[in-house]
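Here the structure is laid out as structure tokens; the discussion comes afterwards.
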Amino acid sequence: MVRLSKFVSLWLGLCLCLALSMSAGAATLSQNGKGDLLLYPVYIAGDGVKTTFHVVNTDTNSSVVAKVVLRSGKYSQEVLDFLIYLSPNDKFSATISYEDGKYVLTSTDDSFCASDGTCASELNPFKFTLKEPCEGLTNDYAGLGYIEVISAGSVDLPKESDGTVNKSDIVKEYWNNWQNFKTGGDIVDSLTGYAEVVLPGPDYSGYQAVAIANYGNNNQLTVSSETKLGDGAITALGDINQSGSLENILAKNNLVVPVSKEAVAIPVVTFPTKLSSCPYLVNGQSTVDNLGPFFAGGDDNTTYTISYYDMSEHSTIEQNPIVSPVPKEAPNTLPDELNLLIVDYPFTNSGGWFKINFKKDVPGAPLVGVVAEFTENGFSFIPYAYDVPQP
Amino acid sequence: MSKVDWKIWHKGIRMKIFGKRLLYLGFILFFLRSGIVFALNIYYNEVKISQELKQAFQKYWMLRSKKSIKSLLKREAPYIQDMVSFERYKRYILLYKSTIKKIEVKKVDCPQPFFCAIEFKSLWGEGKKQQIYWFRDLWVKVEGKWYHVIKNPLFFPEIN
């Protein structure tokens, strides 16, 4: 029997501990805008507003099959899901709008294909109705929500003489030879995305999707079953203290919201890991299950305070303002997956900024978002500056 | 004709021409002000709608096409007038930069006698920039008068 020296035993033990602590996966918030998981914090349709979103495969050799999931804003219900087949250097686009009594997604993009290889085109646009969340029994609706794009896998296929890869080859390979696809940590982190909210003008403002690298889906994704974040991936939903988990890498605090003079600034705060169920009655009480560990136990996990700063006096005020949505209970809470705040900013004559702080047992909350700013020149989406909570 | 007669005659003709021009200008201004020239065309396609609601709907969207913000805000539901500042409402109306040109009402749904939803297809803008947008317009009757209810989750999340 071989006896290990104390030094070697100690070293092996240390390596084992490190390996265990990293078991949540090594996902990171992408610094270059590319990854294998994209999160679009908001889409809006209705009242003349449409949202067009895009997914780009920046890899020059690998084709990527990804699952697109649209979720409702209040209870994170899946209102539509489909697969897209992206050849190298490919781009996919689709528009969400309100039309003839329903919310629809329309695309003429040839990356949008059925499993039989039929793909959308200008002559054959694909149009799908978004499902009513919670069977229409709540005030959740399909016209306001957020989007997830999850890379199922990537594969290198032979190119045509013009350097492109035939779409039908990607579709066939996905359904007939799934074992040839790179999955998990081997999927190329090549997807990037952006969205445009379009108003009659036409006028629009765009934002970049949040990209997570090395999310690492393992399973073949289909539309016959729901895919939730963390399902079948090397990255767990997490909890906020678990390094490399989704909740950990999305954790933010002290969101900075700039406010121009006479402008209206509306922070959009989306919790993609909350994943609520539709409310159901238990003993006469409406109750909601939240899948994300951070949100377990109810809505009091997303309590916030706001500090205001103006331009001239640099004064600060910290208070619990009356804002919308109306908090379910004091102090202020953000009750939904997707929250839009109307803040009674006191310095509209000069402008300035305010800061949103989340307080709980741990600093920060796992979120994605943008600021929608409306000035006399139009409107724009501004990304948040924020603090990354320290463990 | 004497010189004086000619002068009087010439002046008379000039007055006549000037008067006519003034009259024509008056007509043009009248049409412009009334909105007849740049009128919004609204079609009901035999959809049943009460006369009161129809008038309120037409007036609202005519004002919207002219971006008459003060008058428009008075036609929003009373609780919206209380909740929303004029400045924010103005920003909202001015977001819609192009002009609405045509409305085709497709359906009017009144689940309650005091609450109706008007579904319509609309055409905005001119020429190559023309675009179609669908609306589900909400209306509420308060003390015998129909008021419009904004439904824009991005701009008025508290009302949504």
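Matching residues to (1) more than 19 Å from the chain's Cα centre (by Cα); (2) modelled with pLDDT of 95 or more:
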{"position": "A:Ala195", "(1), (2)": "no, yes"}
{"position": "A:Leu199", "(1), (2)": "yes, no"}
{"position": "A:Ala209", "(1), (2)": "no, yes"}
{"position": "A:Ser260", "(1), (2)": "yes, no"}
{"position": "A:Pro267", "(1), (2)": "no, no"}
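Among residues that are modelled with pLDDT under 85, over 30 Å from A:Pro202 (Cβ atoms) and among the aromatic types (Phe, Trp, Tyr), B:Phe18 is included. Listed conditions (1) basic (Lys, Arg); (2) assigned to a strand (DSSP E or B); (3) at the interface with another protein chain (Cβ under 10 Å from one of its Cβ atoms) are all met by B:Arg91, apart from (2). One residue stands out among those in the stretch A:254-280 that are surrounded by fewer than 19 Cβ atoms within 10 Å (Cβ to Cβ) and more than 14 Å from chain B (Cβ to nearest Cβ): the one that is nearest to A:Gly352 (Cα to Cα), which is A:Pro258.
Inspect all residues belonging to the stretch B:73-85 and state whether any of them is part of a helix (DSSP H, G or I) and among the small types (Gly, Ala, Ser). Even if it seems obvious, please write down each step before you answer.
Step one: of the stretch B:73-85, the residues part of a helix (DSSP H, G or I) are B:73-74, B:78-83.
Filter once more, so that each one left must be among the small types (Gly, Ala, Ser): none.
The answer is no, given that none of the residues of the stretch B:73-85 is part of a helix (DSSP H, G or I) and among the small types (Gly, Ala, Ser).
If I filter the stretch B:2-14 for residues that are at pLDDT below 95 and closer than 30 Å to A:Val264 by Cβ, do I get at least one hit? Taking every residue of the stretch B:2-14 in turn, none turns out to be at pLDDT below 95 and closer than 30 Å to A:Val264 by Cβ.
Within the stretch B:120-132, the presence of a residue that is within 12 Å of chain A (Cβ to nearest Cβ), without any contact (Cβ under 8 Å) to a residue 24 or more places away in the chain and in contact with a Ser or Thr (Cβ under 6 Å, 6 or more places away or on another chain) is excluded.
Among the residues of the stretch B:36-68, those that are in contact with a Leu (Cβ under 8 Å, 6 or more places away or on another chain) and assigned to a helix (DSSP H, G or I) comprise B:Tyr60, B:Trp61, B:Met62, B:Leu63, B:Arg64, B:Ser65.
Any chance you could count how many residues in the stretch A:248-307 are hydrophobic (A, V, I, L, M, F, W, C) and under 21 Å from A:Val388 (Cα atoms)? Count: 12.
Looking only at the stretch A:97-118, residues that are more than 10 Å from chain B (Cβ to nearest Cβ) and surrounded by fewer than 20 Cβ atoms within 10 Å (Cβ to Cβ) come to 8 in all.
Taking the stretch B:100-119, which residues are touching a helix residue (DSSP H, G or I) at 6+ places or on another chain (Cβ under 8 Å) and within 9 Å of another protein chain (Cβ to nearest Cβ)? Across the stretch B:100-119, the qualifying residue is only B:Ile100.
Residues that are under 30 Å from A:Pro335 (Cα atoms) and either surrounded by 15 or more Cβ atoms within 10 Å (Cβ to Cβ) or among the β-branched types (Val, Ile, Thr) (or both) within the stretch B:107-132 comprise B:Cys116, B:Ala117, listed in sequence order.
Of all strands (runs of 3 or more DSSP E) completely enclosed by the stretch A:25-89, which ones contain at least 3 residues that are within 14 Å of another protein chain (Cβ to nearest Cβ) and surrounded by 21 or more Cβ atoms within 10 Å (Cβ to Cβ)?
Values: elements: A:37-44, A:50-57, A:62-72, A:78-86.
Those strands (runs of 3 or more DSSP E) span A:37-44.
Say whether the condition of being crowded, with 18+ Cβ neighbours inside 10 Å, among the hydrophobic types (A, V, I, L, M, F, W, C) and over 17 Å from the mean Cα position of the chain (by Cα) is met by at least one residue in the stretch A:237-253. Checked the stretch A:237-253: no residue is crowded, with 18+ Cβ neighbours inside 10 Å, among the hydrophobic types (A, V, I, L, M, F, W, C) and over 17 Å from the mean Cα position of the chain (by Cα). Given the condition modelled with pLDDT of 90 or more, closer than 28 Å to B:Gln131 by Cβ, more than 17 Å from the chain's Cα centre (by Cα) and among the β-branched types (Val, Ile, Thr), answer yes or no: does some residue in the stretch B:60-80 qualify? Yes, the conditions are met somewhere in the stretch B:60-80.
For B:Ile150, the conditions (1) within 11 Å of chain A (Cβ to nearest Cβ); (2) touching a helix residue (DSSP H, G or I) at 6+ places or on another chain (Cβ under 8 Å); (3) surrounded by fewer than 17 Cβ atoms within 10 Å (Cβ to Cβ); (4) of a type in the set (A, V, I, L, M) all hold with the exception of (3). Only residues that are part of a strand (DSSP E or B) and closer than 24 Å to A:Ala211 by Cβ were counted in the stretch A:329-375, giving 13.
Only one entry in A:Tyr43, A:Tyr85, A:Tyr75 is of a type outside the set (A, V, I, L, M) and within 17 Å of A:Glu226 (Cβ to Cβ), namely A:Tyr75.
If you take the residues of the stretch A:281-296 that are surrounded by fewer than 16 Cβ atoms within 10 Å (Cβ to Cβ) and assigned to a strand (DSSP E or B), which of them is modelled with the highest pLDDT? Residue satisfying both the conditions and the ranking: A:Thr287. All conditions but one from (1) assigned to a strand (DSSP E or B); (2) surrounded by fewer than 18 Cβ atoms within 10 Å (Cβ to Cβ); (3) not small (Gly, Ala, Ser) apply to A:Val155; the one that does not is (2).
Count, please, the residues in the stretch B:133-147 that happen to be outside any loop (DSSP other than H, G, I, E, B) and either surrounded by fewer than 16 Cβ atoms within 10 Å (Cβ to Cβ) or within 11 Å of another protein chain (Cβ to nearest Cβ) (or both).
Matching residues across the stretch B:133-147 total 8.
Where residues in the stretch A:119-152 are more than 27 Å from A:Ser277 (Cα to Cα) and among the hydrophobic types (A, V, I, L, M, F, W, C), which of them is surrounded by the fewest Cβ atoms within 10 Å (Cβ to Cβ)? Checking each candidate, the answer is A:Leu123.
Could you please find all residues in the stretch A:119-129 being away from chain B (no Cβ under 14 Å) and under 23 Å from A:Val49 (Cα atoms)? Give the derivation first.
First pass over the stretch A:119-129, keeping only residues away from chain B (no Cβ under 14 Å): A:119-126, A:128.
Scanning the stretch A:119-129 gives A:Glu122, A:Pro125, A:Phe126, A:Phe128.
Determine whether A:Val165 is away from every other protein chain (no Cβ under 14 Å) and touching a residue at least 60 places away in the same chain (Cβ under 8 Å). Yes, satisfied.
The values are calculated or read from the model by the stated rules, or taken from the named source; none is laboratory data. Everything numeric in this text was worked out from a predicted model, so none of it was measured. A quick note on method: Cβ atoms are made from the backbone with ideal geometry, for glycine too, and the neighbour counts reach across all protein chains shown.
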